[in-house]
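Asker: Sharing a structure here in structure tokens format.
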Amino acid sequence: MINEKRLLDRFLKYIQIDSPTKYEREFADFLKKEMETIGLEVYMDDAGEKVGSNSGNLIGKLKGNTDGQTILFSSHMDTVSPGIGIKPEIRDGVIYSDGTTILGGDDKAGIASILEAIETIIEKDIPHGDIEVVFSIFEEGGLFGAKNLEYDKLNAKMGFVLDSGGEPGQIIIQGPAQNKINAKFIGKEAHAGVAPENGISAIQIAAEAISNMRLLRIDEETTANIGVISGGEVTNIVTKEVEIKAEARSLKDEKLQGQTDHMVKCCKDAAEKFGGEVEVEVINSYGAFKVDEGHEIVEKVKLACKNLGLDSFTAASGGGSDTNILNANGITAVNLGIGERKPHTLEEHLHIKDLENAARLALEIIKVYA
């Protein structure tokens, strides 16, 4: 029922409009006009002013023609780097970039699927309840758009985020909480050739701390990573300061706390061992979410999948998404698979069949809720 050529053209057009994190405005302005042309009432909030983006979140609304429950669809507009000047290529039914950038299917495939579904119900006069749409900014790197969304503008209590790498039919019902752990190690400068024994190497302290940390895959529910390390200027001075930026995630709050405490302790123990100091900052980026397997929203998605002949299954994710924030703000939401493959890499690609099925599923969810 969806217009497959229009959907593909829409997606290819979207990914060629640059929208790196904090610079989403060109794409947002394009989407706003397109959404209004389709028939949605569109509003841009002031989230950008709060988080340092040149755009706000887009909120779209379509009045229903039945008394069905109001539902929300959401995807994010920003893309990771390198994402400037994307040149798509299609080979054997799969969309790639030219290899110099990411593709941008994360998450423009979600946006294209949502708008194709909505345009289809309008032109085919398909029964539907009220539909709300949120296209967020600054999702990558902290979910800041969703955190600063004007929730009082929304009525929906059920939400569908199209932003997962699984094939259409995957239903993410659980996602992790995340802590950011920033540490500054402070040693003492000295001439590295004349009197190194008078110095305390911040690099050595940091190395000791990191070497004692449990990192990467901790267990099935918990991960941790050192993402950035910086410090030092020249080789002939014992380095005084080094900073690391790290994270920990877990589906269970108590495990997240335990991993965080462990990493902080490693930092403090290392500083004490070498006679230096450490300043540690822990920031909770977002909380975990879990939707019950038997919840109405899960059953509705499964029914939509069954109607389309798609295999449905529930899963937990190790990645954060706007789904975490929607659930924290009173909207029961799940994250749906749209076929994003190898996102955040130059090998990112998307099967056209998955793009089509994501749009078909969004359309079928609308019909089920009508």
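The values are calculated or read from the model by the stated rules, or taken from the named source; none is laboratory data. Bear in mind that the values here come from a model prediction, so they are computed numbers and not experimental data. Note: ideal-geometry Cβ built from the backbone for every residue, glycine included; neighbour counts use all protein chains shown.
Asker: Which pairs turn up if I take residues in the range 108-120 that are in contact (Cβ under 8 Å) with a residue 40 or more places away in the chain and look for partners that are of a type in the set (Gly, Ala, Ser) and assigned to a helix (DSSP H, G or I) with beta carbon separation below 7 Å, at least 6 apart in sequence or on another chain?
Answerer: Ala109/Ala358; Ser113/Ala358; Ser113/Ala359; Ser113/Ala362; Ile114/Ala362; Glu116/Ala359; Ala117/Ala359; Ala117/Ala362
Asker: Checking Arg249 against (1) outside any strand (DSSP E or B); (2) surrounded by 14 or more Cβ atoms within 10 Å (Cβ to Cβ), only one condition comes out false. Which one?
Answerer: (1)
Asker: Continuing with this model, one more query. If you scan the range 7-21, which residues turn out to be touching a residue at least 24 places away in the same chain (Cβ under 8 Å), over 19 Å from Thr100 (Cα atoms) and charged (D, E, K, R)?
Answerer: The answer is Arg10, and nothing else.
Asker: Yes or no: Gly330 of a type outside the set (Lys, Arg) and modelled with pLDDT under 95?
Answerer: For Gly330, the condition - of a type outside the set (Lys, Arg) and modelled with pLDDT under 95 - is not met.
Asker: Follow-up. Which of the residues spanning the range 324-341 are of a type in the set (D, E, K, R) and either within 14 Å of Val291 (Cβ to Cβ) or touching a His at 6+ places or on another chain (Cβ under 6 Å) (or both)?
Answerer: Arg341
Residues checked against (1) under 17 Å from Gly165 (Cα atoms); (2) free of Cβ contacts under 8 Å to residues at least 12 places away in the same chain; (3) in contact with a strand residue (DSSP E or B) (Cβ under 7 Å, 6 or more places away or on another chain); (4) not acidic (Asp, Glu):
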residue: Asn327; (1), (2), (3), (4): no, no, yes, yes
residue: Thr332; (1), (2), (3), (4): no, no, yes, yes
residue: Gly337; (1), (2), (3), (4): yes, no, yes, yes
residue: Pro343; (1), (2), (3), (4): yes, no, no, yes
residue: Leu346; (1), (2), (3), (4): yes, no, no, yes
residue: His349; (1), (2), (3), (4): yes, no, yes, yes
residue: Asp354; (1), (2), (3), (4): yes, no, yes, no
residue: Leu361; (1), (2), (3), (4): yes, no, yes, yes
residue: Lys367; (1), (2), (3), (4): no, no, no, yes
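Asker: Considering only the range 266-365, give the strands (runs of 3 or more DSSP E) lying wholly within it that have at least 3 residues that are surrounded by fewer than 24 Cβ atoms within 10 Å (Cβ to Cβ) and within 23 Å of the chain's Cα centre (by Cα).
Answerer: Of the strands (runs of 3 or more DSSP E) lying wholly inside the range 266-365, those with at least 3 residues that are surrounded by fewer than 24 Cβ atoms within 10 Å (Cβ to Cβ) and within 23 Å of the chain's Cα centre (by Cα) span 277-286, 313-316.
Asker: Sticking with this one: I need the full set of residues from the range 252-265 which are touching a residue at least 40 places away in the same chain (Cβ under 8 Å), surrounded by 17 or more Cβ atoms within 10 Å (Cβ to Cβ) and not aliphatic (A, V, I, L, M), in order please.
Answerer: If the condition is that a residue be touching a residue at least 40 places away in the same chain (Cβ under 8 Å), surrounded by 17 or more Cβ atoms within 10 Å (Cβ to Cβ) and not aliphatic (A, V, I, L, M), then Gln259, Thr260 are the ones that fit.
Asker: To continue, here is another question. Pick out the one residue from Thr235, Thr239 that is surrounded by fewer than 18 Cβ atoms within 10 Å (Cβ to Cβ), among the hydroxyl-bearing types (Ser, Thr, Tyr) and farther than 15 Å from Val280 by Cα.
Answerer: Thr235
Asker: Restricting attention to the range 208-225, report how many residues are part of a loop (DSSP other than H, G, I, E, B) and either surrounded by 17 or more Cβ atoms within 10 Å (Cβ to Cβ) or not polar (S, T, N, Q) (or both).
Answerer: Residues in the range 208-225 being part of a loop (DSSP other than H, G, I, E, B) and either surrounded by 17 or more Cβ atoms within 10 Å (Cβ to Cβ) or not polar (S, T, N, Q) (or both): 5 in total.
Asker: Pick from the range 134-149 the residues that are assigned to a loop (DSSP other than H, G, I, E, B) and either hydrophobic (A, V, I, L, M, F, W, C) or in contact with a Phe, Trp or Tyr (Cβ under 9 Å, 6 or more places away or on another chain) (or both): which of them is surrounded by the most Cβ atoms within 10 Å (Cβ to Cβ)?
Answerer: By that ranking, first place goes to Ile137.
Asker: Test of understanding: among Glu24, Glu4, Glu41, Glu36, which residue is without any contact (Cβ under 8 Å) to a residue 12 or more places away in the chain and at negative phi?
Answerer: Glu36
Asker: Also, I was wondering about something else. Would you mind telling me which numbered condition in (1) surrounded by 15 or more Cβ atoms within 10 Å (Cβ to Cβ); (2) aliphatic (A, V, I, L, M); (3) free of Cβ contacts under 8 Å to residues at least 40 places away in the same chain Val228 fails?
Answerer: With respect to (1) surrounded by 15 or more Cβ atoms within 10 Å (Cβ to Cβ); (2) aliphatic (A, V, I, L, M); (3) free of Cβ contacts under 8 Å to residues at least 40 places away in the same chain, Val228 is out only on (1).
Asker: Counting only residues that are of a type in the set (Ser, Thr, Tyr) and either surrounded by fewer than 19 Cβ atoms within 10 Å (Cβ to Cβ) or without any contact (Cβ under 8 Å) to a residue 24 or more places away in the chain (or both), how many does the range 150-207 have?
Answerer: 1
Asker: I need a count of the residues in the range 277-302 that are closer than 30 Å to Ile244 by Cβ and not hydrophobic (A, V, I, L, M, F, W, C).
Answerer: The qualifying residues number 7.
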